[in-house]
Each structure stands twice: as C-alpha cells, then as structure tokens.
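> Next up is a structure, given as structure tokens.
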Amino acid sequence: AKEDGKNTYHFYTKEMTEQAYNRLLMENNLRDALDNQQFELYYQPQVDITTNRIVGFEALVRWNHEQKGIIPPDHFIPLAEETGLIIPLGKQIIDMASQTISEWHRANLTRARMAINVSAKQLRDNRFFHNLNTALSKNNCQSDWVEIEITESSVMQDPELAIQLLSKLRRKGITISIDDFGTGYSSLAYLKKLPITKVKIDRSFVSNLPQDKDDAEITKAIISMSQSLNLDIIAEGIETQEQQDFVLQEGCQLIQGYYYSRPLTKQAMTEKLESIRLR
Ligand code: C2E
Ligand code: CA
Ligand code: CA
Ligand code: CA
C-alpha cells in the first residue's frame, strides 16, 4: 500500500497484482517472524582436510515457519534486503551466532571461529559496528571467535566505505572472508587493497569439478592468486571425494560442504562436537 493515508489501502490492494500482494503478505510475515523469533541458525563445519579438524563454522539462517515448515534463506533474504528488514534480522543472526560460538568455546568444544554472513545493506548501516560490539559483549564473545563473510559484490558497491569498516573489524581481531569470489567483476587490484583474510571459492566453480575444464582453471587461478596474496583459501560446496582431492592437490586444504557435513542445528552440531571430543 502507498503511504498516502489509511483509507486508500484497500483500493491499492485490489489493484495490485497477485505477485505484489503476495510480496506484501510475505513482508508482513517476515515482520511477525522477527517479533516471534522464528529464525534459526544452522551451522556447517569448515574442515582442514590435512588434519581432519574443524577450523570454523558458517552460520546459515532458516525460517521456521508455522505452516510452511523450514524456509531456506534464498526465499526470504532478498526480500529482507529490499525492505530493510535485513537490519533487524541481521542483528538477531549476529546475536544467535555469537551466543553459540561463545557457549562452544566456554564448554571447550572448539577453538574455531564462527563465520557470519553479512549482507550489503548491513555493511552500509552506520550502526553495524556498534551493534556488532553490543552483541559480542552481551554474549561474552571474543572478537577473535568471529569471522565476517561478505560478498565481492557488496564490497564493490562502495569500496572506500568497505575498506574503512573492514579495517576497523580487523583491528578488533575479527577476520574477513570474501564469499562468492570470482562470480563478480572485481579486480585483483581491489582485492589487494581490502583488509581481508580469506577467500571462499564459490560452489558454482566447485560443483563441476574435476571434469569441467573452465571451472578447473578458474579454481586453480583463485587458489594460486590467494596464495600469492597470502590469504587463506577455502572451497565451499564440496560434495565428493573427487572434488576434495582436486582442490587439495591444487593447494587448498580447507573445505566446507555436504561431503564432510550438511549444515546442522545447534543441538545436532553441539552433539557432534561432544562426540568428537569424546573420541
Ligand atoms: P552462501 O553464503 O554462499 O552459503 C553457502 C550455501 O551453500 C548454503 O546454502 C549452504 O547450505 C549450501 N551448501 C553448503 N555445502 C553445500 C554442498 O556441498 N552442496 C550444496 N548443493 N550446497 C551446499 P543456504 O544455507 O541455503 O544459504 C543460501 C544463501 O543465503 C547463502 O549463500 C547466503 O548468501 C544467504 N544466507 C544464508 N544465511 C545467511 C545469513 O545469516 N545472513 C545473510 N545475510 N545471508 C545468509
Ligand atoms: Ca557465506
Ligand atoms: Ca557462496
Ligand atoms: Ca564450463
């Protein structure tokens, strides 16, 4: 509905296409879900295959919908971005993720970092740094237990601003990982200027390895480039032994993907960590 008075609401609603109406419904549902804490984080381990140790986790959000069940992030993150709801949602995500990693560290279940996805709009929100600090102190979470995952394209929206913010995070001890690398158009020159620590090879390059020659070449190039810039490198979306062997042979020893583990609920991941410790 347009913001020109409450009386016109019905008029515009009738005129709307079904699609726009569904969007509005979905937006309202998102707001309710935020109020009712219907978002849940799943955790996927990142593993060093040379030691078989978990060296990190990625927090991945899901919407626990009363009727529809579990809704994947691709179905609501874009709308949350467009409507600005990603700001309060992002705050809840950071809060939950820092609480979880803090609990795991304090229970001696891990020494790994929690990687948290941060969207373009969140990065541009001038309260982001403050909100992050608030969440970390509230949850007794050290900054060096946290990693921020940003996409190449969200950095490129305003590189100067991104560099400033990312430098502030780095000074606090938070590491920065570049997600979806290679899918955008950023130059190597920019990557060098960014205070980042890690590059993730996008699943779109990994999924057709080792058969696809182009993807194999791109993967090799990203690995060797990261090595020459002294950046950590991780391959996401590893589903098979062959994919894992390929990236390891090319010099990438950190992996994340269904082959090692799907994203797990907090409960399930806690149990997995307990069973590893007890081994
Ligand atoms: P992403 O950041 O690139 O996350 C990786 C996606 O690949 C996740 O999908 C993960 O479950 C999936 N994945 C991991 N290993 C495998 C594998 O071996 N095979 C296949 N086929 N998929 C694998 P998910 O959880 O559905 O998330 C989709 C996207 O939604 C994420 O892509 C990210 O862009 C966004 N997202 C997820 N959680 C958050 C969040 O907390 N905040 C924000 N802003 N975005 C999020
Ligand atoms: Ca990610
Ligand atoms: Ca990705
Ligand atoms: Ca190809």
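> Where in the stretch 89-195 are the helices (runs of 4 or more DSSP H), entirely inside, with at least 1 residues that are at positive phi and in contact (Cβ under 8 Å) with a residue 12 or more places away in the chain?
Values: elements: 120-124, 128-138, 152-156, 159-172, 188-193.
Because the criterion is at least 1 residues that are at positive phi and in contact (Cβ under 8 Å) with a residue 12 or more places away in the chain, no helices (runs of 4 or more DSSP H) in the stretch 89-195 meet it.
> How many of the residues in the stretch 198-217 are open to solvent by less than 60 Å² (accessible area, probe 1.4 Å) and more than 14 Å from ligand 3 (Cβ to nearest atom)?
Result for the stretch 198-217: 5.
> Going by what's in this entry, would A235 be described as in contact with a Phe, Trp or Tyr (Cβ under 9 Å, 6 or more places away or on another chain) and over 20 Å from I54 (Cα atoms)? Walk me through how you get there before you give the answer.
Working: in contact with a Phe, Trp or Tyr (Cβ under 9 Å, 6 or more places away or on another chain): yes; over 20 Å from I54 (Cα atoms): no.
Spelling it out, it is not the case that A235 is in contact with a Phe, Trp or Tyr (Cβ under 9 Å, 6 or more places away or on another chain) and over 20 Å from I54 (Cα atoms).
> Can you name the residue in the stretch 108-126 that is out of contact with any Ser or Thr (no Cβ under 8 Å at 6 or more places or on another chain), open to solvent by 10 Å² or more (accessible area, probe 1.4 Å) and more than 16 Å from ligand 1 (Cβ to nearest atom) and, of all such residues, is nearest to S153 (Cα to Cα)?
N126
> Check the stretch 43-59 and report whether any residue there is open to solvent by less than 10 Å² (accessible area, probe 1.4 Å) and of a type in the set (A, V, I, L, M).
Yes, that holds for at least one residue.
> Which numbered condition in (1) within 11 Å of ligand 1 (Cβ to nearest atom); (2) of a type in the set (S, T, N, Q); (3) open to solvent by 10 Å² or more (accessible area, probe 1.4 Å); (4) at pLDDT 90 or above is the only one that S177 fails?
(3)
> I need the full set of residues from the stretch 223-279 which are out of contact with any helix residue (DSSP H, G or I) (no Cβ under 9 Å at 6 or more places or on another chain), open to solvent by 60 Å² or more (accessible area, probe 1.4 Å) and either of a type in the set (K, R) or within 16 Å of ligand 4 (Cβ to nearest atom) (or both), in order please.
R262, R277, R279
> How many residues does the stretch 63-75 hold that are over 14 Å from the mean Cα position of the chain (by Cα) and open to solvent by less than 90 Å² (accessible area, probe 1.4 Å)?
5
The values are calculated or read from the model by the stated rules, or taken from the named source; none is laboratory data. None of these values were measured; they are calculated from a predicted model. All Cβ positions, even for glycine, are placed from backbone atoms using ideal geometry, and neighbour counts span all protein chains on display. Surface accessibility is based on the protein's heavy atoms, side chains included, excluding ligands, DNA and RNA. Shrake-Rupley method; radii C 1.70, N 1.55, O 1.52, S 1.80 Å.
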